[in-house]
Amino acid sequence: MTASIDYPKLVTELPGPKAQEVLAKDKKFISPSYTRGYPLVIKKGEGVKVIDVDGNIFLDFTAGIAVCNTGHRHPEVVKAIIDQANAFLHMSGTDFYYAIQSELAEKLAAISPGIGDRRVFYSNSGAESIEAALKLVRYHTKRSRIISFFGSFHGRTMGALSLSASKSIHEKGFAPLVPGITHVPYGYCYRCPYNLKHPECDTFCVNWIREDLFKRAMPPEEVAAVFAEPIQGEGGYIVPPASFHEKLQDLCREFGILYVADEIQTGMGRTGKMMACEHFGIDPDIFTLAKGIASGMPLGAMVARHDIMDWAPGSHASTFGGNPVSCSAALATIKVLEDGLVENAAVMGDYFKKQLLACQAENALIGDVRGLGLMLGVELVKDRERKTKAIEERDRLVNACFKKGLLLLGCGENSVRFIPGLIVSKEEIDGAMAIFHETLREIET
Ligand SMILES: Cc1ncc(COP(=O)(O)O)c(C=O)c1O
């Protein structure tokens, strides 16, 4: 089935007997709010391989939801974790100092796009980094209103949830949310299936904010910040028109509004550059990181321009944020990314996208192939005009790929995302493509 690799390799029906035992206990004791699509029970990970509790070997094109950017258990990351664990596990940066926190902050400032000094606030997750940014923009500007985008996902804590607008199920039952947040269209006009551009799409969104929103409903001098993902992730891997972010940044600067780039999914090399903002030539005032920052150890960061992060002691803090073991993993992660993985993401991403486009030419079910680097999405549709979304087919496709040993995830209503570790090889991409293509044909017929 695969080109020159000998995995995936399945040795039991799925789920196997040991996996079934875990599933039974999970059903009894774990919150039912999680969204597991298929029953993978991991025992071990290695590079782009995942081995389950029954000995089945999978090709992992999820990287734990775009987290294990250096692959599973990269040796340099594991060594950094062990070395730090042998020194101390925790002390809390809220009340004490440790060198690795400022060392990592210096590194994060250095890899930040744009010029000028930066400061870092550490958290444990994406949502917490977003919460920190939401608090900081209100604190610094003394303004209360915020703009974010339809299709965006920023996390599930109350502030991050209030900024999000990708699926209403995320919000159902949790109102009232944080007030003062207005959602606007992301990069494309309302009539536009993403990527089928109307001539006015490039300017539609920013003009609409300026001419309609600011004149009729929202005084711009009361707006603290715009929160934007460089590429929308959970919303369906939506790459906005090339000039969108730049125009948005110009608008922000005109009215003294802060630009917050949520790089939680797009950052840390995922798109073939260290930060996705670099593709769009923008210099955000603040950006948020998590996911790929520490190769799987829990860590988030909110990186802000030095003059903006001006809050007083006690304004914001976190017991665990910036945990030393996570910081150590992050420093090792950045080194591995700089030593070639970001470049590999760009090269392999181009190769992969070409394969997906070739697959689209042969399969009517694929309406669109989009993304940058190794953040690639395929939209499934029922007609060439892309008027009918193939939602149920998408779910069947992801499940059928799992049964053949390829781990994928959906995004948006009807898209599949491909987000392997950035160490992925051409042979592994060929292996994944062979399974994906074969399964697509089976779903189509
Ligand atoms: C762009 C973006 N922001 C924020 C989050 C929330 O991150 P976390 O799940 O770590 O809270 C996610 C998670 O998928 C994300 O993709």
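The values are calculated or read from the model by the stated rules, or taken from the named source; none is laboratory data. The shown structure was predicted, so the numbers you read here are calculated from the model rather than taken from an experiment. Note that each Cβ is placed from the backbone with ideal geometry, even for glycine, and that neighbours are counted across all protein chains shown.
Can you run down the residue pairs with Cβ atoms below 9 Å, 6 or more apart or on separate chains, where the first is in the range 64-87 and more than 30 Å from Thr35 (Cα to Cα) and the partner is away from the ligand (no atom under 16 Å from the Cβ) and among the small types (Gly, Ala, Ser)?
Cβ pairs passing all conditions: Glu76/Ala332; Lys79/Ala332; Ala80/Ser328; Ala80/Ala332; Asp83/Ser328; Gln84/Ser328; Ala85/Ser328; Ala87/Ser328.
Return the pair list, or none, for Cβ contacts closer than 6 Å from residues in the range 375-393 that are without any contact (Cβ under 8 Å) to a residue 40 or more places away in the chain to residues that are assigned to a strand (DSSP E or B), at least 6 apart or on different chains.
Val381/Gly367; Ala390/Leu380; Ala390/Val381
Within the range 385-401, is even one residue of a type outside the set (Lys, Arg) and on the phi > 0 side of the Ramachandran plot? Don't jump to the end; show me each part of the working.
Of all residues in the range 385-401, those of a type outside the set (Lys, Arg) come to 385, 388, 390-393, 395, 397-401.
Subset that is on the phi > 0 side of the Ramachandran plot: none.
Within the range 385-401, not a single residue is of a type outside the set (Lys, Arg) and on the phi > 0 side of the Ramachandran plot.
Might you let me know whether the range 134-143 holds any residue that is under 16 Å from Val260 (Cα atoms), touching a helix residue (DSSP H, G or I) at 6+ places or on another chain (Cβ under 7 Å) and within 14 Å of the ligand (Cβ to nearest atom)?
yes
Please give the strands (runs of 3 or more DSSP E) falling wholly within the range 280-383 in which 2 or more residues are at pLDDT below 95. Don't jump to the end; show me each part of the working.
Numbers: elements: 286-289, 300-305, 366-372, 375-380.
The strands (runs of 3 or more DSSP E) meeting that bar are 366-372.
Identify, by number, the condition in (1) within 20 Å of Ala304 (Cβ to Cβ); (2) out of contact with any Lys or Arg (no Cβ under 9 Å at 6 or more places or on another chain); (3) within 15 Å of the ligand (Cβ to nearest atom); (4) in a helix (DSSP H, G or I) that Leu161 doesn't meet.
(1)
With respect to the numbered conditions (1) surrounded by 15 or more Cβ atoms within 10 Å (Cβ to Cβ); (2) in contact with a Gly (Cβ under 7 Å, 6 or more places away or on another chain), which one is the sole condition not fulfilled by Arg138?
Failing condition for Arg138: (2).
I want to confirm something. Restricting to the range 251-273 and keeping residues that are in a loop (DSSP other than H, G, I, E, B) and more than 29 Å from Ala345 (Cβ to Cβ), which single residue is nearest to the ligand (Cβ to nearest atom)?
Taking the range 251-273 first, the residues in a loop (DSSP other than H, G, I, E, B) are 256-257, 263-273.
Now restrict to residues that are more than 29 Å from Ala345 (Cβ to Cβ): 256-257.
On the way: Gly256: 25, Ile257: 20 Å.
Across the range 251-273, the extreme among qualifying residues is Ile257.
Quick one: how many residues across the range 92-129 are under 17 Å from Met309 (Cβ atoms), within 16 Å of the ligand (Cβ to nearest atom) and not in a helix (DSSP H, G or I)?
Qualifying residue count, the range 92-129: 3.
Taking only pairs six or more apart or across chains, which ones have beta-carbon atoms under 6 Å, a first residue in the range 292-312 that is under 11 Å from Val137 (Cα atoms), and a second residue that is in a loop (DSSP other than H, G, I, E, B) and more than 12 Å from the ligand (Cβ to nearest atom)?
If the second residue must be in a loop (DSSP other than H, G, I, E, B) and more than 12 Å from the ligand (Cβ to nearest atom), the pairs left are Ile308/Asp285.
Would you mention how many residues in the range 351-371 are touching a residue at least 12 places away in the same chain (Cβ under 8 Å) and either under 26 Å from Asn69 (Cα atoms) or among the basic types (Lys, Arg) (or both)?
Number of matching residues: 11.
Taking interchain pairs and intrachain pairs at least six residues apart, which have beta carbon atoms under 8 angstrom, with the first residue in the range 151-171 and in contact (Cβ under 8 Å) with a residue 24 or more places away in the chain and in the same structural domain as Pro185 (by TED's automatic domain parsing) and the second polar (S, T, N, Q) and away from the ligand (no atom under 12 Å from the Cβ)?
From the range 151-171, no pairs qualify.
Would you mind stating whether Gly236 is part of a loop (DSSP other than H, G, I, E, B) and within 16 Å of the ligand (Cβ to nearest atom)? Working first, answer last.
Details: part of a loop (DSSP other than H, G, I, E, B): yes; within 16 Å of the ligand (Cβ to nearest atom): yes.
Against the criterion (part of a loop (DSSP other than H, G, I, E, B) and within 16 Å of the ligand (Cβ to nearest atom)), Gly236 qualifies.
Taking the criterion of being farther than 17 Å from His183 by Cα and part of a helix (DSSP H, G or I), would at least one residue in the range 141-155 satisfy it?
Checked the range 141-155: at least one residue is farther than 17 Å from His183 by Cα and part of a helix (DSSP H, G or I).
For residues that are more than 18 Å from Ser295 (Cβ to Cβ) and out of contact with any helix residue (DSSP H, G or I) (no Cβ under 7 Å at 6 or more places or on another chain), scanning just the range 70-89, find the one that is surrounded by the fewest Cβ atoms within 10 Å (Cβ to Cβ).
Here is the first cut: in the range 70-89, the residues more than 18 Å from Ser295 (Cβ to Cβ) are 86-88.
Narrowing the set further to residues that are out of contact with any helix residue (DSSP H, G or I) (no Cβ under 7 Å at 6 or more places or on another chain) leaves 86-87.
Values: Asn86: 8, Ala87: 11.
Filtering the range 70-89 for residues that are more than 18 Å from Ser295 (Cβ to Cβ) and out of contact with any helix residue (DSSP H, G or I) (no Cβ under 7 Å at 6 or more places or on another chain), the one surrounded by the fewest Cβ atoms within 10 Å (Cβ to Cβ) comes out as Asn86.
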